[in-house]
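Values in this text are rule-based calculations from the coordinates and carry no lab data. Keep in mind the model is a prediction, meaning the values are calculated, not measured. Cβ coordinates were reconstructed from backbone atoms using ideal geometry, including for glycine residues, and neighbour counts include every protein chain displayed.
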Ligand SMILES: Cc1ncc(COP(=O)(O)O)c(C=O)c1O
């Protein structure tokens with residue numbers, strides 16, 4: 001059998017044959033109450049369709065046997081279409097889990113696609129298929145793949161001038177810091193190689209200056225592999241997040257947790273007086289997109305100030321909201337900003353910024369060894385290659401104008417999906433945060449990590465991911481997130497809408 005993408009740039013043919021079923025987790029889904037007016041620069045779409053009679057979103061109109069049959073068909077198509085990737089995966093004998101990084105196993109289909117090349121918003125696999133890439137390296141390639149300005153800067157630094165890592169500064173870093181200050185407001189910046197490290201070091205500095213032992217996070221947050229962050233709020237109290245590998249201590253010893261959009265819950269945690277910093281994304285982006293309700297972020301800021309707790313905005317994903325992330329778009333006033341992934345155009349980098357007042361406190365603290373073995377270092381952090389890449393990315397690629405385009409395309413993407421949800425009366429929702437959008441399987445946008453987690457549906461995820469991949473569109477694995485880069489075209493968004501419509505129609509038929 002042959003299946004074909006009818007609309008959009010990529011045309012691929014997939015032949016279908018049977019393969020064994022892989023993961024088959026049960027559907028977990030929940031009704032989500034209430035509305036949630038969007039802050040500026042964001043959109044919830046129009047949750048016009050509601051589930052009826054308390055039925056969960058994914059059960060309301062979809063026959064389970066139909067869904068499972070479609071997943072089976074799409075798995076077979078995937079296996080048949082990407083033999084090169086399947087063989088490459090099988091050849092990874094000496095890789096832990098068969099892949100360079102174990103989370104690569106989470107791509108749907110039983111094995112990941114193996115990349116041959118990528119440029120702008122396009123990616124080609126080793127079997128020669130071209131994809132519209134809405135995953136964009138889960139934000140690492142938000143500037144698009146290998147944009148020309150970054151290519152030139154990296155080639156110049158590495159090949160012409162030489163010296164990717166020397167323990168000496170180059171002049172690029174100061175330019176990058178100044179640009180980050182223009183965008184995010186924080187007065188002083190330091191560099192890391194990952195967003196995880198930016199968060200780790202921000203937490204350490206916060207503990208140091210406040211002399212407090214704990215941090216606070218929001219339930220179902222993700223801030224990288226930061227030990228303190230793997231904790232969730234449950235009706236029975238805080239619990240380590242299931243699956244936390246080799247935790248050094250129970251995260252309840254280091255961390256307090258509250259649900260997002262619940263100021264009273266945060267206040268109750270802050271009242272203990274032992275929280276150095278609240279580490280937050282201004283909108284959650286790793287459990288669907290959960291936008292702050294009007295006034296919520298003001299309340300967080302007010303409460304943290306009242307309780308002598310610092311506020312860290314992790315803008316690694318929320319950078320999609322605009323050139324200065326949510327911090328600038330919503331006029332937020334964090335004490336620290338952390339960011340990583342995207343700002344080096346794909347070259348590893350990260351950064352954290354401090355207000356002038358906080359920087360003074362850190363520098364004036366004689367017991368803080370921020371220069372040697374104090375736990376805030378990294379031999380290759382701030383290296384010349386990363387600095388050159390960040391300067392080119394921020395200066396020439398992820399510019400203010402580029403964001404206008406990316407956000408316009410994301411708005412078109414969101415409207416396209418919403419029109420499909422409305423016309424098919426599908427009780428799902430889509431939420432946009434600037435240049436990124438994500439659909440979730442509940443009638444209205446979740447207001448907290450807990451609500452959003454309850455709307456997860458691994459079977460629908462798998463079906464939609466495979467449906468898209470088999471027809472030339474890559475979505476972010478682990479969730480249904482789409483990100484626009486400067487090279488993403490309106491036609492790419494429309495191609496996704498057409499596929500989303502046909503995927504929905506097949507489900508509902
Ligand atoms: C909000 C946020 N912060 C930090 C990180 C960690 O990034 P990295 O894995 O590149 O260190 C992530 C990763 O997805 C993230 O989503």
Once residue 155 and residue 91 are pulled to full extension, the length gained, defined as 0.36 nm per residue separation minus their Cα-Cα distance, is 19.9 nm
Per the C-alpha gyration tensor (a ≥ b ≥ c, the square roots of its eigenvalues), segment 461-504 is rounded if a/c is under 1.5, else prolate if a/b beats b/c, else oblate; here it's oblate
Here the relative contact order (percent) of the chain, from C-alpha pairs under 8 Å and at least 6 apart, is 27 percent
For the chain, the longest principal axis of the Cα atoms and the Cα long axis of helix 172-184 enclose an angle in degrees, to the nearest 10, of 80 degrees
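For segment 339-408, what relative contact order do you get, as a whole percent, if you take Cα pairs closer than 8 Å and at least 6 residues apart?
Values: 39 pairs, mean separation 29.1, N = 70.
In percent, rounded to a whole number, it is 42.
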Expressed in angstrom and rounded, the centroid-to-centroid distance over alpha carbons for segment 194-252 and segment 353-396 is 21 Å
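From the helices alone, meaning DSSP H stretches of at least four residues, give me the mean residue ellipticity at 222 nm for the chain, per-run term -39500 (n - 2.57), in deg cm²/dmol to the nearest 500. Write out the running numbers ahead of the final one.
On the way: 15 runs with 170 residues, N = 509.
Helices in the chain give a 222 nm mean residue ellipticity of -10000 deg cm²/dmol.
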Protection proxy (average C-beta count within 10 Å per residue), highest first, orders 202-209, 109-116 as 202-209, 109-116
Final fewest-first order of 189, 103 on the 10 Å Cβ neighbour count is 103, 189
In degrees rounded to 10, the 0-90 angle between helix 490-508 Cα long axis and the longest Cα principal axis of the chain is 50 degrees
Rounded to the nearest Å, the spacing of the alpha-carbon centers of segment 467-501 and segment 151-182 is 33 Å
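Would you order 280, 390 from fewest to most other beta-carbon atoms within 10 Å of each residue's own beta-carbon?
280, 390
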Per its Cα gyration tensor (rounded if a/c is under 1.5, else prolate when a/b beats b/c, else oblate), segment 315-441 is best filed as prolate
Classified through the alpha carbon gyration tensor (a ≥ b ≥ c as square roots of its eigenvalues; rounded if a/c is under 1.5, else prolate when a/b is larger than b/c, else oblate), segment 245-388 comes out oblate
If one compares the long axis through the Cα atoms of helix 195-210 with the longest principal axis of the Cα atoms of the chain, the angle in degrees, nearest 10, works out at 30 degrees
Cβ density ranking, 10 Å radius, fewest first, applied to 440, 157 yields 157, 440
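Sort the following peptides by mean Cβ neighbour count (other Cβ atoms within 10 Å, averaged over residues), highest first: 341-349, 396-404.
Working: 341-349: 25.9, 396-404: 17.6.
Result, highest mean first: 341-349, 396-404.
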